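Working notes, beginning with the structure itself.
The values are calculated or read from the model by the stated rules, or taken from the named source; none is laboratory data. Keep in mind that what you see is a predicted model, and the values were worked out from it rather than measured. Every residue, glycine as well, gets a Cβ built from its backbone with ideal geometry; the counts of neighbours run over all protein chains shown. For the accessible areas, the whole protein counts, side chains as well, though only heavy atoms, and no ligand, DNA or RNA atoms are used. Shrake-Rupley method; radii C 1.70, N 1.55, O 1.52, S 1.80 Å.
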Amino acid sequence: HEKLKERSLVIAKFIDIAHELYVLQNFDSLMGVLAGLNLSSVSRLKFSNLSLNDSSVTLLEEVKALMEPQSSWSNYRNHLKSIVAPAIPYMGVYLTDLTFIEDGNADTSDDTINFRKRELVGRVLQDI
């Protein structure tokens, strides 16, 4: 019983850290903390998660909803457009975009350089 309470406090602390990273607009580290909380070794601690207080559960649900990858990270992208700098973006979104641009577009078209592909890459780099 004592271990359960201790684990719940540690999980709650990481949820508080995730919320503070959200407030600081450090989305790259926020995603790292969320990834750690979603590890199977942590998420299988059902009793520890069930004993979290309501505010911790609410905070976790809010940051998870923001950082979910559905619809090409639309919640995160919309939020990022609405904030005031400075912010540390989650780089995984941009790396995914660059990968899809690289894999989905030919380097040349009719023996000429595909400038549309270069323009798309430039837009992603400009967003960063």
Grab the other residues whose beta carbon is less than 13 angstrom from that of Gly104, score K and R as +1, D and E as -1, and report the net.
-> -2
Determine the calculated [θ] at 222 nm for the chain from helices alone, applying -39500 (n - 2.57) to every DSSP H run no shorter than 4 residues and normalising by the residue count; nearest 500 deg cm²/dmol.
-> -23000 deg cm²/dmol
Tilt relative to the chain, helix 27-37 - C-alpha long axis, 0 to 90 degrees, to 10 | 50 degrees
With 5 Å bins from zero, work out the P(r) of region 1-62 over every alpha carbon pair and list the percent per bin.
-> 4, 19, 30, 26, 14, 5, 2, 0
Computed for region 59-128: size of charge dipole around the Cα centre, +1 on C-beta of each Lys and Arg, -1 on C-beta of each Asp and Glu, debye to nearest 20, value 260 debye
Working from Cα positions, state the angle (0 to 90°, nearest 10) between the long axis of helix 115-127 and the longest principal axis of the chain.
-> 30 degrees
Over region 32-91, volume per residue of the alpha carbon convex hull, in Å³ | 107 Å³
Taking Cα pairs closer than 8 Å and at least 6 residues apart, the relative contact order of region 15-128 in percent is 27 percent
Report, by chain and number, residues whose modeled amide H sits under 5 Å from the one on Asn26, excluding near sequence neighbours (fewer than 5 apart, same chain).
-> Ile88
Value in Å of the Kirkwood radius, where the chain supplies the Cα pairs that are averaged | 16.8 Å
Linear extension gain, Thr112 paired with Gln126, 0.36 nm per residue minus alpha-carbon span = 2.6 nm
Can you put Met67, Met31, Met91 in order of accessible area, largest first, using a 1.4 Å probe?
-> Met91, Met31, Met67
